[in-house]
1. Would a scan of segment 118-131 turn up a residue that is buried (at least 18 other Cβ atoms within 10 Å of the Cβ) and more than 18 Å from residue 214 (Cβ to Cβ)?
2. Could you run through segment 222-234 and say how many residues are over 12 Å from the mean Cα position of the chain (by Cα) and modelled with pLDDT of 95 or more?
3. List pairs: first in segment 71-88 and over 17 Å from residue 115 (Cβ atoms), second of a type in the set (Ser, Thr, Tyr) and surrounded by 11 or more Cβ atoms within 10 Å (Cβ to Cβ), Cβ under 8 Å, 6+ apart or cross-chain?
4. Would a scan of segment 64-71 turn up a residue that is touching a strand residue (DSSP E or B) at 6+ places or on another chain (Cβ under 6 Å), small (Gly, Ala, Ser) and in a strand (DSSP E or B)?
5. Write out, first by first residue and then by second, each pair whose Cβ atoms fall under 8 Å of each other, whose residues are 6+ apart or on separate chains, and whose first residue, in segment 109-132, is touching a residue at least 12 places away in the same chain (Cβ under 8 Å) and over 22 Å from residue 148 (Cα atoms) while the second is charged (D, E, K, R) and in a strand (DSSP E or B).
6. For segment 73-103, how many residues meet the condition of being touching a Cys at 6+ places or on another chain (Cβ under 8 Å) and among the hydrophobic types (A, V, I, L, M, F, W, C)?
7. Any chance you could count how many residues in segment 175-202 are within 15 Å of the chain's Cα centre (by Cα), surrounded by fewer than 21 Cβ atoms within 10 Å (Cβ to Cβ) and within 24 Å of residue 91 (Cα to Cα)?
8. Of everything in segment 19-29 that's surrounded by fewer than 14 Cβ atoms within 10 Å (Cβ to Cβ) and over 16 Å from the mean Cα position of the chain (by Cα), which residue is modelled with the highest pLDDT?
Amino acid sequence: MLAPAPAFAGAPALVPAPAPVTVARYTFDGGVGATGRVAENSGRGTALTVRAADRGQVTFAGTTADKYASFPAACPAKATSCPRALLEGTDDPDLDPGVRLFRWGASVHLTKAQVTGSANVVQKGVVDTDSQWKMQIGARQGKAHCVVVGQGSAKVYLARSSVGVADAKWHDIMCQRSGSVLAVYVDGQERGRVSVPATLSIANSRPLRIGGPNLNAKSEMHHGQLDDVYARLG
């Protein structure tokens, strides 16, 4: 009988990759709670505050157990005031992925008429300060966009889906930054990708925002419905 081969002393121990961790999730099922805030559902993130201008509101519709968030309608071109509203979190370090594998997503429902500019779904950071990750719906063809900007650079990397999502149907959209690839998924299928530097690092001191980048009159606000917004490390 042959003796078992000795273990190779120089072989490194295999270290399993960390399991994915959901660091923020918002199902909106509780609407605005007694504290005036929207609950966070993963246990890792922070609650959201409704911010508004010109009597804008975020409303929560659906069934008792399954609600979604609705944002103010688009304003007529010559309107003298325009109701605007968004949901704002905090500057949570869990939402600063650096160069790590990072996913962010949402369920989106809107029509072409509701996309008056690029409709910002969720983001942390802005293009001209620090760095950014963002999901938006493009104005021209209603396609899903995943956007990243790295620290120390103003270069924008955008992955655009090959299919439109502004068709009055619910769609699950996910953005994934993995190493040197930024990809966009629609309803579970990859629908576009772009190369990014593997060293591109995302970390900033901005709050998480859902439904718009800010409350300026010309902001790229989301005018449809959103559900199950999340961010996941790993």
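1. Among the residues of segment 118-131, not one is buried (at least 18 other Cβ atoms within 10 Å of the Cβ) and more than 18 Å from residue 214 (Cβ to Cβ), which makes the answer no.
2. 5
3. Note: pairs meeting the criteria are 87/26; 87/49; 88/49.
4. For segment 64-71, residues touching a strand residue (DSSP E or B) at 6+ places or on another chain (Cβ under 6 Å), small (Gly, Ala, Ser) and in a strand (DSSP E or B): present.
5. 109/227; 111/167; 112/167
6. The number of residues fulfilling the criteria is 2.
7. So the count comes out to 1.
8. Taking the candidates together, the pick is 20.
The values are calculated or read from the model by the stated rules, or taken from the named source; none is laboratory data. Everything numeric here is computed off the predicted structure, so don't read it as measured data. Heads up, the Cβs are rebuilt from the backbone with ideal geometry, glycines too, and the neighbour counts pull from every protein chain shown.
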